[in-house]
Each structure stands twice: as structure tokens, then as C-alpha cells.
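Peer 1: Once you've had a glance at the structure underneath, I'll fire off some questions.
Just so it is clear, none of the values below were taken in a lab; they were calculated from the coordinates. Because the structure is predicted, anything quoted here is derived from the model rather than measured. Heads up, the Cβs are rebuilt from the backbone with ideal geometry, glycines too, and the neighbour counts pull from every protein chain shown.
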Amino acid sequence: MTKRLDLTGADFRHGSLDDHSFTRCDLGGANFQSASLRNAHFAGCDLRGADFRWADLRGARFTRVLTHRADVGRTDLTGARWEGARLGGVTFEDVIDEPRA
């Protein structure tokens, strides 16, 4: 069994991660504030408590991710897809577009 990549609490603020793929990562509490994540793909990741405020998530895909208590407020979600994601307690405040399954 492949071990998960531990990026707990990583700081990606203002980063440019367009088209990046995160697979089986622990990104709990990671800071993605104001990051560009256009067309990024998160697959099988733990995003609990991650902060995506002011991020550009246009076209991003979230596949089978855990997102409990993540903050996705004030974010551009145009074309973003949430497939099999657990969205309990996620904050979607003042977002552009709506989360789609």
C-alpha cells in the first residue's frame, strides 16, 4: 500500500499551482489563500481544515476528498467539480458559481 504524502499545514499562499495534481495527500490545515489552482486535481486527499479563501479554483476537480471544515469562501469555483467528496462543514460563502457534483 502506498503511503500518503504528508503536507499537513503546508503554506501555498499566493502560489501558482495551475494544472497541478495532488494524489493521496494529507493537506489538512494547508493554506491555499489567494493561490491559483486553475484546473488542479485533488484525488483521494485529506483537505480537512484547508483554507482556500480568495483562491482561483476555476476548473479544479476534487475527487473522493475529505473536506470537513475547509474554508472555500470568496473563491472562484467556475467549472469546479466535486466528485464523491465529503463536504460536511465546508464554508462556501461569497463564492463565484456553485459547487457541482
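Peer 1: Which far-off residues, 5 or more places away or on another chain, put their amide H under 5 Å from the one on residue 61, with H placed in the peptide plane?
Peer 2: 40, 41, 42, 81
Peer 1: Moving on. Mind putting a number on the dipole of the chain about its Cα centre? Charges go on the C-beta only, +1 for Lys and Arg and -1 for Asp and Glu, and I need it in Debye to the nearest 20.
Peer 2: Numbers: 15 positive and 15 negative charges, 75 e Å.
With only Lys, Arg, Asp and Glu charged at Cβ, the dipole is about 360 debye.
Peer 1: Could I ask something else about it? Any chance you could list the semi-axes, whole Å, largest first, of the equivalent ellipsoid that the Cα gyration tensor gives for the stretch 38-93, using √(5λ)?
Peer 2: On the way: eigenvalues 44, 39, 14 Å².
Three semi-axes, in Å: 15, 14, 9.
Peer 1: Normalized C-alpha radius of gyration of the stretch 1-64, against 2.2 N^0.38 Å?
Peer 2: 1.01
Peer 1: Remind me, relative contact order of the stretch 1-64 in percent, using alpha carbon pairs under 8 angstrom and six or more residues apart? Walk me through the numbers on the way to the answer.
Peer 2: Numbers: 174 pairs, mean separation 20.1, N = 64.
Relative contact order here is 31 percent.
Peer 1: Separate question: Around residue 96, which amide H atoms from residues at least 5 apart in sequence, or from another chain, sit under 5 Å from its own amide H, with H modelled in the peptide plane?
Peer 2: 75, 76, 77
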